[in-house]
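Beneath this line is the structure, given in structure tokens, with notes to follow.
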Amino acid sequence: MNHELLKSVIFDQHAAIQAARITPRGYTFEENANYVLVGLRRAGKSTLLFDIARKLVTQGTEWNQIIYINFEDERLAEFTAADFNDLVSVQSELSGKKGFFFLDEVQNIPGWEKFARRMADAKERVYITGSNARMMSREIASTLGGRYLTKTIAPYSFGEYLDAQEIPHSSADLLQTKTSGRIRGCCVAYLNYGGLPESLSYQAKRDYISSVYQKVLLGDIITRNGIRNDYAVKILIKKIAETVCNDVSFSKLHNTLKTVGIKISKDTVIDYVGYAEDSYLLFHLSNFYAASFADREGTPKYYFADNGLLNLFLNHREAALLENAVATSLARVFPEGLFYLKSAKTGLDVDFFLPEVGTAIQVAYSIAGDARKREVENLKKLVRLEPQAQRLMIVTYEEEEHIREDGVEIEVVPLYRFLLQAENLRIDRQEL
């Protein structure tokens with residue numbers, strides 16, 4: 001690879017890093033570890049790398065030691081695995097000191113993992129980002145040999161969303177009328193447009209979010225996986241959006257596609273859904289009460305990684321947006337320990353269950369009228385059937401109260417408060 005071209009790319013990236021406006025986020029990094037950052041496109045992975053690079057400079061690192069390469073730069077269209085050695089050579093040309101290598105969207109270069117392992121073996125400091133879960137598949141993870149720590153980066157939490165707009169949101173701030181009003185207003189926007197960081201700088205947020213979705217759909221799902229029937233993928237994702245709040249089987253999705261004239265096999269449906277999850281567009285929850293692996297994986301509940309993406313497919317579906325916002329906030333804190341509860345035998349149906357902290361959560365836009373009895377009775381039934389359920393919550397759009405019935409206590413929490421408190425659920429449990 002032409003060294004002068006690589007230097008130009010690196011110096012241009014230095015300028016971009018120095019000029020970037022960075023909102024602090026709740027991710028921490030070990031000082032001497034190498035990292036792979038994965039997650040949805042435009043979720044903020046590159047900005048986190050910018051932040052790490054700037055902190056290194058404030059600690060005495062020289063800019064010429066920072067080798068930052070974004071592999072979506074069109075000037076690197078011909079870059080191959082054989083060119084990785086040139087990065088090491090260019091770093092030596094720029095500085096006689098130890099280098100820090102930042103490889104952004106590296107999944108675009110086949111064979112990148114072998115270079116990453118070699119760099120780790122050579123005790124180099126390397127930070128990597130990618131937008132495809134398959135780059136952290138079992139095979140590649142084995143190749144990296146435990147030499148890298150992995151972090152999944154999500155779009156802004158609601159707290160980070162407020163931080164980005166410099167809106168205070170402490171417990172005291174929530175008691176101030178004006179500040180509380182601003183927070184509630186931001187919650188409406190967050191519910192509808194999600195937390196993709198760059199969306200905050202756009203007036204036409206929906207257009208921006210749509211462009212991100214098209215990039216994920218066409219680049220990370222269709223092109224990367226060699227899919228020829230792109231129409232089937234588009235309709236499948238639309239149908240999944242319509243199932244949010246409900247469990248759904250692959251057989252049902254397959255039959256739904258057949259009714260609109262799309263003839264693909266059930267196995268192909270499974271593959272397509274897997275590709276959507278690999279791209280971090282979707283994630284799923286399993287039924288905690290499922291008796292077998294097949295049952296757990298056969299009837300999942302799907303959610304979108306960001307509310308703005310889900311809202312591209314919905315028309316006045318506030319309840320679905322509300323539940324999706326709760327799901328994403330919980331998945332961020334409990335990536336491996338979040339389930340739903342459903343039993344045909346007992347009639348139990350609970351939206352979210354966190355066995356690690358003994359917490360069950362129902363989501364209802366409002367508990368006025370008949371909805372109150374339905375949600376409360378369901379949670380009371382849960383207490384009788386599930387000894388692990390010790391904290392019960394109902395998340396609503398704006399209602400707030402404390403319900404006590406038959407010795408059962410239920411917290412009714414408005415969405416904006418829940419989103420700000422979700423990260424403390426594990427801490428709260430430890431303090432009980």
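Each value in this text was obtained by applying a stated rule to the coordinates, not by laboratory testing. The structure presented is a predicted model; accordingly, all values stated were derived computationally and were not measured. A quick note on method: Cβ atoms are made from the backbone with ideal geometry, for glycine too, and the neighbour counts reach across all protein chains shown.
The lysines whose alpha-carbon is closer than 21 Å to the alpha-carbon of Lys151, local same-chain residues fewer than 8 away aside, are Lys45, Lys55, Lys114, Lys123. Fewest-first ordering of Glu399, Glu72 by other beta carbons within 10 Å of each residue's beta carbon gives Glu72, Glu399.
Please report how far the C-alpha centroid of the range 1-49 lies from that of the range 374-414, rounded to the nearest whole angstrom. Taking the Cα centre of each part, the range 1-49 and the range 374-414 sit 44 Å apart. Each of Val383, Leu48, Gly358 was scored by the projection of its Cα onto the charge dipole of the chain, and the greatest displacement toward the positive side belongs to Val383; charges sit on the C-beta of Lys, Arg, Asp and Glu. GNM on the chain, alpha-carbon springs under 10 angstrom: the most fluctuating residue among His316, His284, His254 is His316. Considered as an equivalent ellipsoid built on the Cα gyration tensor, the range 1-107 has semi-axes of 22, 17, 13 Å, the largest given first. Dipole check for the chain: with +1 at the C-beta of Lys and Arg, -1 at the C-beta of Asp and Glu, and the Cα centre as origin, the magnitude is about 600 Debye.
How big is the charge dipole of the range 257-403 about its Cα centre, in debye rounded to the nearest 20, if each Lys and Arg gets +1 on its Cβ and each Asp and Glu gets -1 on its Cβ?
Approximately 540 debye in magnitude.
Between the residues Ser343, Tyr397, Gly369, the greatest Cα displacement towards the positive end of the dipole of the range 319-432, with unit charges on the Cβ of Lys, Arg, Asp and Glu, is found for Ser343. Convex hull volume of the C-alpha atoms in the range 223-309, normalised per residue: 102 Å³.
Measuring r between the beta carbons of Glu62 and Phe29 and using R0 = 22 Å, the FRET efficiency lands at 0.65. Between Lys345, Lys239, Lys215, the GNM of the chain built on Cα springs shorter than 10 angstrom shows Lys345 fluctuating the most.
Under a 5 Å amide H cut-off, with hydrogens placed 1.01 Å from N, Ile128 pairs with Tyr35, Val36, Leu37, Leu103 among residues at least 5 apart or on other chains. Taking the number of Cβ atoms within 10 Å of each Cβ as an exposure proxy, the fewest-first ranking of Thr359, Thr28 is Thr28, Thr359.
If the segment from Ala82 to Arg372 were pulled out straight at 0.36 nm per residue, it would be longer than the present Cα-Cα gap by 98.1 nm. Residue farthest toward the positive end of the dipole of the range 55-155, with Cβ of Lys/Arg at +1 and Asp/Glu at -1: which of Tyr148, Thr129, Met119? Positive-end residue among those listed: Tyr148.
Remind me, relative contact order of the chain in percent, using alpha carbon pairs under 8 angstrom and six or more residues apart?
Relative contact order comes out at 12 percent.
Taking each pair of different alpha-carbon atoms in the range 301-396 once, compute 1/r for the pair, average those values, and report the inverse of that mean as the Kirkwood hydrodynamic radius in Å to one decimal.
For the range 301-396, the Kirkwood estimate is 14.1 Å.
Among Val126, Val376, Val408, the largest mean-square fluctuation in a Gaussian network model of the chain, built with springs joining Cα atoms closer than 10 Å, belongs to Val408. The alpha carbon centroids of the range 140-195 and the range 246-319 are separated by 25 Å.
Let's test the formula: R0 of 35 Å, r as the Cβ-Cβ distance of His316 and Asp230. What FRET efficiency results, to the nearest 0.05?
The calculated FRET efficiency here is 0.80.
Think of each Lys and Arg Cβ as +1 and each Asp and Glu Cβ as -1; about the Cα centre, that makes the dipole of the range 189-253 roughly 180 debye.
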